[in-house]
Amino acid sequence: MKKINILLFAIMAVTFFSCKKDYVEPEFKTEFFGIYGSMYKHGDGPANINPTYLETYKNAGIMDISQGFLSHEWSFWKDANNGEGEPDWVLVNDEVKFLKEGSNLGYQTIKDFTPYYDLNIKPVNSEDQINFIFEKGGKYKLTINNTYRNQIDYIMEEPDTILGYNVNRYYKAQPTDNNEFLVDHSLEFEIYDTLNVKAQVFEDAECTIEKPLNPEGITQIAVSQGSTLYFKDATGTSKYDSGTSRDWNWTCIEGDNLEGVIPSTSTDLVSAFIFSAKGKYQVSLHVKRENLAIQNFPNSERTKTLPLTVIVE
């Protein structure tokens, strides 16, 4: 009886192993679309915004958490019109850089990001997760294209500018010519350069006769008492690298006439100053960029004493 049991077990074992199938990687039966980014709401933080407002050289990251897709692609685009009028989207060149996985950047301590760049990642790529910075200001968009075998609907929690908080918006993948379904979704970015305070000096109100400033060292401009010079805030050429307001402030560095420049302060883009008393004068330019109506806007301000001395004789 014992021998019969052993023989029966052996037969069953042979039968089991002979019928065992080769391992096949399971495929996802669920198809859905989802992304998660560092610019999204965390806990009780502020509502999501689109576009996202950042300064240059501020790290951002995003990952595709979708499942069941056939293909996946990120692509970065820049508005050739620089935020003026209708966008003209062109593929970025070198304005966006991707960071190596595991880069520890700290907080505003990195002056040279070059060692952290992963130059193998291109503006169009199929990475699961990307970390990136913008090196130049402007208007950008990040597009994600996922294809699926079946039609899917998806929800994005997005801001409502009228209501002032996030709402769920519903989207549907669109059919393609090869019997697939495409999710084509974009996120916009408004990127602002660090303010680089600059000024120009002119002899005329039309700003056609410029008094060039020495890029190295201090420029000295001699004028007669009662003369007028015109100072122009030349900080940037677009909304992404210029300020929204400014303050000119004059000081007397030689002489005792503190009111020798009229007016001694101004907020105009082009300001006319009359030099009414003898002495030597310097001016500082304080430029501010702010938009209190937009949450998370990269408000910034910089002050620079111009490398210029006006000598009134």
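Could you tell me whether any residue of the range 239-262 is touching a Cys at 6+ places or on another chain (Cβ under 9 Å), among the hydroxyl-bearing types (Ser, Thr, Tyr) and open to solvent by less than 60 Å² (accessible area, probe 1.4 Å)?
So far as the range 239-262 goes, no, none of its residues is touching a Cys at 6+ places or on another chain (Cβ under 9 Å), among the hydroxyl-bearing types (Ser, Thr, Tyr) and open to solvent by less than 60 Å² (accessible area, probe 1.4 Å).
On the given criteria, is LYS111 surrounded by fewer than 19 Cβ atoms within 10 Å (Cβ to Cβ), closer than 20 Å to ASP193 by Cβ and without any contact (Cβ under 8 Å) to a residue 24 or more places away in the chain?
When the stated conditions are applied, LYS111 passes them.
For the range 125-136, give me each residue that is within 30 Å of THR237 (Cβ to Cβ) and open to solvent by 10 Å² or more (accessible area, probe 1.4 Å).
Within the range 125-136, ASN131, GLU135, LYS136 qualify.
Return yes or no: is GLY236 touching a residue at least 40 places away in the same chain (Cβ under 8 Å) and more than 28 Å from the chain's Cα centre (by Cα)?
It is false that GLY236 is touching a residue at least 40 places away in the same chain (Cβ under 8 Å) and more than 28 Å from the chain's Cα centre (by Cα).
Please work out which residue is nearest to the chain's Cα centre (by Cα), limiting yourself to the range 152-189 and to residues that are surrounded by fewer than 14 Cβ atoms within 10 Å (Cβ to Cβ) and not in a strand (DSSP E or B).
THR161
Determine which member of the set VAL287, VAL283, VAL201 is at pLDDT 95 or above and closer than 30 Å to PRO51 by Cβ.
VAL287
I'd like the residue in the range 199-224 that is out of contact with any strand residue (DSSP E or B) (no Cβ under 8 Å at 6 or more places or on another chain) and in contact (Cβ under 8 Å) with a residue 24 or more places away in the chain and, out of all such residues, is surrounded by the most Cβ atoms within 10 Å (Cβ to Cβ).
ASN214
What are the residue pairs meeting all of these: first residue in the range 175-195, first residue at positive phi and modelled with pLDDT under 95, second residue of a type in the set (Gly, Ala, Ser) and surrounded by fewer than 12 Cβ atoms within 10 Å (Cβ to Cβ), Cβ atoms under 9 Å, and 6 or more apart or on different chains?
The qualifying pairs do not exist here.
Taking the stated definitions as given, is THR267 on the phi < 0 side of the Ramachandran plot, surrounded by fewer than 16 Cβ atoms within 10 Å (Cβ to Cβ), in contact (Cβ under 8 Å) with a residue 12 or more places away in the chain and under 29 Å from the mean Cα position of the chain (by Cα)?
Here the answer is yes, as THR267 does meet what is asked.
In the list ASP79, ASP118, which residue meets the criterion of being within 21 Å of GLU55 (Cβ to Cβ) and surrounded by 14 or more Cβ atoms within 10 Å (Cβ to Cβ)?
Step by step, each of ASP79, ASP118 is checked, and only ASP79 is within 21 Å of GLU55 (Cβ to Cβ) and surrounded by 14 or more Cβ atoms within 10 Å (Cβ to Cβ).
The values are calculated or read from the model by the stated rules, or taken from the named source; none is laboratory data. The model shown is predicted, which means the values in this text are computed figures rather than measured ones. For neighbour counting, all protein chains shown are included, and Cβ atoms are generated from backbone atoms with ideal geometry for every residue, glycine included. Note: accessible area is taken over every heavy atom of the protein model, side chains too, but ligands, DNA and RNA are not part of it. Shrake-Rupley method; radii C 1.70, N 1.55, O 1.52, S 1.80 Å.
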